[in-house]
C-alpha cells in the first residue's frame, strides 16, 4: 500500500512515529496569563470585575499553597472590597489576613461602621420609595424599585435577598428588554450562589423571548449555559455551549467569566468528551473559537498535539497547567475527572488503528512505565472501552474483535433457556393461584 | 360391632369378586368406604386376611386392609415386618386401582417413610417411594404429596442421583402448595449437593417467589440458601424481588422483625401440625419460637445480606473475615459448607475476569491480582478450573505462564444443531400449553364475570373486547358474589359467542 518513497519527500524516521517527539518551538510569545508558570495573581484578577473578582481572589488565597501568593491575593481582595460596600466580606478577609500584611490592612472599624450606617439609611429610603410606587401601581417604577433593592442587597453581599428582589421584578416586566435584564441579573446571582439549576432555567427563559437579543447577550447566555452544564458534569453539552460563544463576548461579561476562561473550559471539555471528528470540526476548524484560543496559546498547542497524536507533549502541557487550573473556582472540582477522561481518550485513540501494539513503545509515547501502562489498559479493557487483550509475557497488546456468530449463538441459547425457565415458573405459579382459588371457592360452598 | 368370621369372609369375597373392571371397582370402593370404621376397630385381626388376597389383582381391597393394619401404633419389632410388607405391596400393586383411593395410598407410604427413618435406614425407603410416586402420578407433570418425602429420604440416605432423576421432570400441577415448597427446598438441597447450581437456583427461586398469603419458615430458609447459591453461580445477588413475588415474601424477607416472627410462627404451627408435616419443619418452628421468647432474636437473614455486600467488594480477605466472625450463625443454619463454597467461588470469579483482559499472564501476577498467597496456589486454582471446564487455558510450567484460550465451541457440530432443535421443540410445546390454558380460562364463568364486557352491537363484537393479556394476570379473589350475578350474563354471552362463531363461519 505505501510505496517506497525514497526520492521525494522525507521518510518519517521510526523514532518519530513511535515516540512522538515534539519539536522544540520557540516560546517567545507574549506571556499568556493561564500558563504553566506560576499564576500572576494581579494579571489574573485584572481579567474580572465586580464580586467575582473578590470571590476568585479569596478562592486562590484558600487553595494555593504558597504564602506569598496567598498574601498577594488577600491584599488585592482587601483593596477591592474597600472600593465596595460589603462589610461582612470585609471582616472575613481581615480575619484571613490576620495582621500579616501590616497595619494598613487591619480591621478598619470606622469604615465598616460608616458603610453599615449608610446602608441602613439607604435601605429605609429605598423601602419608602418602593412602598410609594406600589401604592401608585406604576409598573415601571415598581420594577425599578425592586431592581434598586436587588442591586443594593447585592452590593452588601446579601445574595439571597438580592435574588428574591430581582425575581420579583418579573411580574412588572413589560418589554422583552426588561425580561432579559431580569434574567441576566438572576443568572448572575445564581452563579454567585452556586445554584446552577436556576441558571439553566433563566437562560432558557431569556432565550425564549422573541426579540431583543443582541449578539452580546446571546454570547453571555451561552456562557452561562456552558457554566451550568460544567457544574452538572455534562461535559459534552458544556463544550458545545462554550464553542458556540461568539467573539462579540469580548470583555462584556467580566463580572462572570473572562474570554480566557471560555477558551479553557471549552477546550478541556471538548477534549474530554468529543470524538475525533467532532473535535476537528468544532474546535480546530472553528474560526470563531480561534479568537478565543489565541488568548490561551498553551491550550491551543495542546489540542493540536492531541489531534496529531503527539500524546506525550499533550499530556505534558496538561500536567503543567494543572496547578493553575486548580485555582479556578469553576474548574476546581472537575480538573481530575477531565484529566482522567482526556488520558483515557488518548490511550484509546492510540490503540485504535493497530492490530498489535508493543507496550514498550506505547509506554515511551505516554511517558510512563510499562507496568503502570498495563494497569491502565487493564482498567480500560474491563470497562469495554478498548477491544483488546494483553499478552503479558511478551508485553504486546492484541486487538480482539468479538466473534459475532459465536456471540449470537450463545445469546440465543441463553435467551431460550431463560424463557423456558420463566415460562415454566409462571405456569407453576398460575397453577398454585388456581389451586388457592378453588380451595377458597370450595370452602365457601 | 364385632367382626365375626362371616363378615370377614364376605369382605374377602367382595374384594375378590369386584376387582374386575372399573365399574366393579367403583362399587367396591364405595363398599370399602362404608366398611372403613369396621376395619379400623378390628385392625389387629386383619393380618391373616392379607394372605388370602393377591396384591397385584386385588390392589384396592388389599390397600384398605393394609392401611387399617398399619394405622395403629407400631412396635419396634414389627417395624421391619411392616416395611417389608408395604414395600412389597407398592412394587406389585396395580396403579389404576390405587388411584381410586389416593389418600389411603399416601397414608401407607408415609407410614413406610416414618418407620424407615425410625429404623435409621433411610435407603430402604428410597426405591419403594420412587415406585409409589410413579404409580400415583397421573402424569409426570403432577406433583404428589409423596414427592417431598421421597426427596427427604434421598437426602438422608445420600442417594442424590435418584433424587435428581425425579427432579428432572417438569412440574406443572400441584396438589398442595405446601408440597411444592418442601419439594423445591429439598430439591434445591439435592442439586446443591450434586453441584448443579443452575437447577438449584431455579428451584429455590420458585419457593421464594411462590404465591403465599403469609411467610413460611421454608421460604425463609430457602431464601438464605438462595442468596448463597446465587453468589456461587452468578457472582452477584439482586436484592430486589421480581414483580410476581408475593407481598408477604417481599415484606418479610427484607427485615425479619421480632413481632412478625411470633405472629407467623403461631400461624404456621397451627396449620402445619399434622402427621404429614415433616419433622424438620416442626423443629425449625420450635427453635424459632423458643429463641424469640428467650433472647434478643436477631434477624436471620441479615448475615446473609451482609455477606452479599462484602462479596461485591471483590476482596477475598474481607469476605473471609466476615465469614470467620459470623461462623456460628451460618453453622446454626447448617449453611457453613455452602458459605465456604461462596468464598472459593470468589477466587474463581476473579480469575475468570482475568481471562477477559489478558492473553497470557504469569502465575505470580495471577496470585497477586486474585490475592492468593503464592504462584503455586494460583497454579492449583487454575488447574482445577480448567478441569472443571470453567475456563479454557494452558499452563506453561517452564515460564510460569498461563495462556488463556478462546472457547473452542464453534456451534457447527451436529450435536449443537440437535440441541437447538430440541430447545425449539420444547418451547413450542410450552407455548402450546400456555395457549390451551388461556383458552380454558377464557371460558371459565368466574373469569367472565370479572371481565368488563361492553354489550352492544351484535355478538361478534363481544369477542374483540376481551383482551388476552388480562388473563394470566387476573387474581382470583372473592368470586362468590360475582359468580352468582355473572351466571345469567355468561349464559347469554356463551350463547352469543357460539352464535357469532357460527355466524362468522357462515353457518347461519
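Is there a residue in region B:361-374 that is away from chain A (no Cβ under 13 Å), modelled with pLDDT under 85, surrounded by 12 or more Cβ atoms within 10 Å (Cβ to Cβ) and in a helix (DSSP H, G or I)? Yes, some residue in region B:361-374 is away from chain A (no Cβ under 13 Å), modelled with pLDDT under 85, surrounded by 12 or more Cβ atoms within 10 Å (Cβ to Cβ) and in a helix (DSSP H, G or I).
Could you please let me know if residue B:354 is closer than 22 Å to residue B:317 by Cα and either at pLDDT 90 or above or within 11 Å of another protein chain (Cβ to nearest Cβ) (or both)? Walk me through it before giving the result.
Working: closer than 22 Å to residue B:317 by Cα: yes; either at pLDDT 90 or above or within 11 Å of another protein chain (Cβ to nearest Cβ) (or both): yes.
Yes.
Of the listed requirements (1) under 44 Å from the mean Cα position of the chain (by Cα); (2) within 7 Å of another protein chain (Cβ to nearest Cβ), residue A:432 misses just one: (1).
Screening residue B:235 against (1) in contact with a strand residue (DSSP E or B) (Cβ under 7 Å, 6 or more places away or on another chain); (2) modelled with pLDDT under 90 leaves a single unmet condition, (1). Restricting to region B:115-140, name every residue that is buried (at least 17 other Cβ atoms within 10 Å of the Cβ) and in a loop (DSSP other than H, G, I, E, B). If the condition is that a residue be buried (at least 17 other Cβ atoms within 10 Å of the Cβ) and in a loop (DSSP other than H, G, I, E, B), then B:122, B:137 are the ones that fit. Of note, residue B:39 does not satisfy the criterion of being under 24 Å from residue B:135 (Cα atoms), modelled with pLDDT of 75 or more and in contact with a helix residue (DSSP H, G or I) (Cβ under 9 Å, 6 or more places away or on another chain). If you go through region B:376-389 and keep only what is touching a residue at least 12 places away in the same chain (Cβ under 8 Å), buried (at least 16 other Cβ atoms within 10 Å of the Cβ) and away from chain A (no Cβ under 14 Å), you end up with B:379, B:381, B:382, B:385. Might you let me know whether region A:296-308 holds any residue that is out of contact with any helix residue (DSSP H, G or I) (no Cβ under 7 Å at 6 or more places or on another chain) and in contact (Cβ under 8 Å) with a residue 40 or more places away in the chain? There is at least one residue in region A:296-308 that is out of contact with any helix residue (DSSP H, G or I) (no Cβ under 7 Å at 6 or more places or on another chain) and in contact (Cβ under 8 Å) with a residue 40 or more places away in the chain. The conditions of being at pLDDT 80 or above and touching a strand residue (DSSP E or B) at 6+ places or on another chain (Cβ under 8 Å) are met by residue B:401. For region B:483-500, does any single residue satisfy the condition of being within 13 Å of chain A (Cβ to nearest Cβ), surrounded by fewer than 14 Cβ atoms within 10 Å (Cβ to Cβ) and either modelled with pLDDT under 75 or in a helix (DSSP H, G or I) (or both)? Looking through region B:483-500, at least one residue is within 13 Å of chain A (Cβ to nearest Cβ), surrounded by fewer than 14 Cβ atoms within 10 Å (Cβ to Cβ) and either modelled with pLDDT under 75 or in a helix (DSSP H, G or I) (or both). Any residue at all in region A:354-375 that is touching a helix residue (DSSP H, G or I) at 6+ places or on another chain (Cβ under 8 Å) and within 10 Å of chain B (Cβ to nearest Cβ)? Scanning region A:354-375 turns up at least one residue that is touching a helix residue (DSSP H, G or I) at 6+ places or on another chain (Cβ under 8 Å) and within 10 Å of chain B (Cβ to nearest Cβ).
Which of the helices (runs of 4 or more DSSP H) contained wholly in region A:123-211 include at least 1 residues that are touching a helix residue (DSSP H, G or I) at 6+ places or on another chain (Cβ under 8 Å) and farther than 26 Å from residue A:223 by Cβ?
On the way: elements: A:139-155, A:159-168, A:176-193, A:196-208.
Filter on region A:123-211 gives A:139-155.
Considering only region A:66-84, I want to know if a residue exists there that is under 30 Å from residue A:178 (Cβ atoms), touching a helix residue (DSSP H, G or I) at 6+ places or on another chain (Cβ under 7 Å), surrounded by fewer than 19 Cβ atoms within 10 Å (Cβ to Cβ) and at pLDDT below 85. The answer is yes, given that some residue of region A:66-84 is under 30 Å from residue A:178 (Cβ atoms), touching a helix residue (DSSP H, G or I) at 6+ places or on another chain (Cβ under 7 Å), surrounded by fewer than 19 Cβ atoms within 10 Å (Cβ to Cβ) and at pLDDT below 85. Name the single residue, out of those in region B:430-446 being within 12 Å of residue A:427 (Cα to Cα) and touching a helix residue (DSSP H, G or I) at 6+ places or on another chain (Cβ under 6 Å), that is surrounded by the most Cβ atoms within 10 Å (Cβ to Cβ). Top of the filtered list is B:430.
Within region B:402-436, the set of residues being more than 9 Å from chain A (Cβ to nearest Cβ) and not in a helix (DSSP H, G or I) comprises B:402, B:405, B:408, B:412, B:413. Scanning region B:71-114 for residues that are closer than 21 Å to residue B:162 by Cβ, surrounded by fewer than 18 Cβ atoms within 10 Å (Cβ to Cβ) and in contact (Cβ under 8 Å) with a residue 12 or more places away in the chain yields B:88, B:91, B:92, B:95, B:110. Screening region A:378-429 for residues that are more than 7 Å from every other protein chain (Cβ to nearest Cβ) and touching a residue at least 40 places away in the same chain (Cβ under 8 Å) and picking the one that is nearest to the chain's Cα centre (by Cα) gives A:385.
The values are calculated or read from the model by the stated rules, or taken from the named source; none is laboratory data. Here the structure is a predicted model, which means the values were calculated and not measured. For neighbour counting, all protein chains shown are included, and Cβ atoms are generated from backbone atoms with ideal geometry for every residue, glycine included.
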